[in-house]
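Here the structure comes first, spelled out in structure tokens, and everything after it is commentary.
No lab work stands behind these numbers, since they all come straight from the coordinates. All values reported here derive from a predicted model rather than from experimental measurement. Note that each Cβ is placed from the backbone with ideal geometry, even for glycine, and that neighbours are counted across all protein chains shown.
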Amino acid sequence: MENNVVVIGSTNVDKILNVKRFAKPGETMHISNAQKSYGGGKGANQALATARSGANTTFISKIGDEGDANFMVEDFKKENINTANIITTNTAESGQAFITVDENGQNTILVYGGANMELNEEDVNKAAETIINADYIIAQLEIPTPAIIRAFEIAYENEVTTILNPAPASKLPKKLLNLTDIIIPNETEAELLSGIPVVDSTSMKQNAEYFLSLGIKIVLITLGSQGTYYATKEESNLIPAFEVSAIDTTAAGDTFIGAFASRFDMNNFNFEESIKYANKAASISVQVEGAQKSIPLEKDVLDI
Ligand code: ATP
Ligand code: RIB
């Protein structure tokens, strides 16, 4: 059966610059191409990733009433995402992200929140019915925390599983962590929250123990080219990544999270299968430039 997933989060227009290496402070550098604009935002990317992996997907987000983000809403509709809870505002521009990608496929990202930062609890209340009917709700940290907390409260009261991707890395109120069932940080985000650098299997376990001690049921730490570590109170394992040559890792984490949510079964805890599938989807995304256009369809993940 298809998972029913609600994603609440950001929609950004990504402005990408390809560079040989990152500039040092005070340095001026030539670049090989003019700036390119693509669809992005952690929320939008994760919604596309769940939809492309076959999940029934609803996206809750806020965009400006003019400019580039509107083309994305049309794209979401074409990809069968329910856009009824994407709100347009005339008091802020759509979110934007300024991304530099170096020759090794690594990136730096600066995010301007814009309309994303106007998403509020009242907007979330209007989407309550949709949240109540979901299997999972996924949030990241590019929208105001009160909106995420409200969405997770509605989910929690109705036994909808909450998934938190604490990105971009930031300290979190205890209240939000207490409402979280599954947390999916990368290594940097895990360290910022737990205070424990992720360097080896012992520190992975210590990180997991930290999150589990807060009442979170499932911890997944994404480890880039190393793969993904998962832990519950009963089991843990590292599922290795697929060996590929990465050209742009932007949205690797988003692709992983959406693909995982499309496959994971809370009644069955099918970690090996769902994480292997999500690692595979993310390994495809790192071989293609950009965020949304790099996210694969289910059939492309299953084909290789
Ligand atoms: P980003 O912020 O770049 O979108 P992230 O830091 O949130 O990504 P990562 O831990 O880098 O997330 O990557 C998420 C998943 O993507 C990994 O668990 C892995 O499955 C896959 N992945 C990332 N980088 C590579 C790579 N170089 N080769 C193969 N798979 C990769
Ligand atoms: O995770 C990748 C995303 O982070 C980009 O699409 C950019 O918009 C930033 O939000």
> For the chain, modelled as a Gaussian network with Cα springs under 10 Å, which listed residue fluctuates most, Pro146, Pro173, Pro197?
Replying inline: Pro173
> When all C-alpha to C-alpha distances in the range 90-212 are sorted into bins of 5 Å, what percent of pairs does each bin hold, rounded to whole numbers?
Replying inline: 2, 10, 17, 19, 18, 16, 12, 5, 2, 0
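What ranking, highest mean first, results for peptides 82-90, 286-294 when packing means the other Cβ atoms within 10 Å averaged over each residue? The partial results should precede the final answer.
On the way: 82-90: 15.7, 286-294: 20.2.
Packing proxy ranking, top to bottom: 286-294, 82-90.
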>> Please list, in order along the range 100-111, the HN-Hα scalar couplings obtained from phi with the Karplus expression 6.51 cos²θ - 1.76 cosθ + 1.60 (θ = phi - 60°), rounded to whole Hz, x for Gly and Pro.
In response: 10, 10, 8, 4, 8, x, 7, 9, 10, 10, 10, 10
> If you wrap a convex hull around the C-alpha atoms of the chain and split its volume per residue, what is the figure in Å³?
Replying inline: 133 Å³
> In the structure shown, do any of Lys174/Lys276; Lys15/Lys42; Lys42/Lys174; Lys42/Lys126 have a Cα-Cα gap over 26 Å, and if so which?
Replying inline: Lys174/Lys276
>> Pick from Ile163, Ile216, Ile31 the residue whose mean-square fluctuation is largest in a GNM of the chain, springs joining Cα atoms under 10 Å.
In response: Ile31
> Based only on Cα atoms, what Rg/Rh ratio does the range 146-234 have, Rh being taken as Kirkwood's radius?
Replying inline: 0.96
>> Going by Cα centres, the range 231-273 and the range 93-132 are how many Å apart?
In response: 22 Å
> For Thr91 and Glu272 in the same chain, what is the full-extension length gain: residue separation times 0.36 nm, less their Cα-Cα distance, in nm?
Replying inline: 60.6 nm
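Hey, got a sec? Which chymotrypsin sites (Phe, Trp or Tyr not before Pro) in the range 1-80 land in a DSSP loop and have at most 16 other Cβ atoms within 10 Å? Kindly include the intermediate steps, with their values, before the conclusion.
Values: sites: Phe22, Tyr38, Phe59, Phe71, Phe76; in loops: Phe22.
Taking the range 1-80 and a limit of 16 other Cβ atoms within 10 Å, the loop chymotrypsin sites (Phe, Trp or Tyr not before Pro) found are Phe22.
Could you check how many percent of all C-alpha pairs in the range 151-304 are farther apart than 26 Å? The partial results should precede the final answer.
Details: 2739 of 11781 pairs.
Pairs farther apart than 26 Å: 23 percent.
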>> Can you give me the orientation-averaged projected area of the convex hull built on the Cα atoms of the range 212-286, in nm²?
In response: 4.9 nm²
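Just want to confirm a number: the relative contact order over the range 150-304, from Cα pairs under 8 angstrom separated by 6+ residues, in percent. List each step's numbers first, then the result.
Details: 249 pairs, mean separation 23.6, N = 155.
So the answer I get is 15 percent.
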>> Given contacts defined as C-alpha pairs under 8 Å and at least six residues apart, what's the relative contact order of the range 51-194, whole-number percent?
In response: 17 percent
>> Could you list Met117, Met204, Met29 so that the one with the fewest beta carbons within 10 Å of its beta carbon is first and the one with the most is last?
In response: Met29, Met117, Met204
> the range 165-180 to the range 1-55: how many Å between their Cα centroids?
Replying inline: 22 Å
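Determine, from the Cβ-Cβ distance of Leu214 and Gln35 and an R0 of 41 Å, the FRET efficiency 1/(1 + (r/R0)^6), rounded to the nearest 0.05. Write out the running numbers ahead of the final one.
On the way: r = 41 Å, r/R0 = 1.00.
Working from the Cβ atoms, E equals 0.50.
Quick check on the range 258-304: what does the Kirkwood estimate of hydrodynamic radius come out to from the alpha carbon pairs, in Å? Let's see the in-between values first.
Working: mean 1/r = 0.0905 Å⁻¹.
Taking every pair of different Cα atoms in the range 258-304, averaging 1/r and inverting gives 11.0 Å.
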> Going out from 0 in 10 Å bins, what whole percent of all Cα-Cα distances in the range 28-149 drops into each bin?
Replying inline: 12, 42, 32, 11, 3, 0
> Under the definition of Cα pairs under 8 Å and six or more residues apart, what whole-number percent is the relative contact order of the range 208-273?
Replying inline: 19 percent
>> I need two numbers for the range 85-153: Rg to one decimal and Dmax as a whole number, Cα atoms only, in Å.
In response: 15.0, 46
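What ranking do Arg263, Arg52, Arg21 get, fewest neighbouring Cβ atoms within 10 angstrom at the top? Could the numbers behind the result be given before it?
On the way: Arg263 22, Arg52 25, Arg21 12.
Going from sparsest to densest Cβ surroundings: Arg21, Arg263, Arg52.
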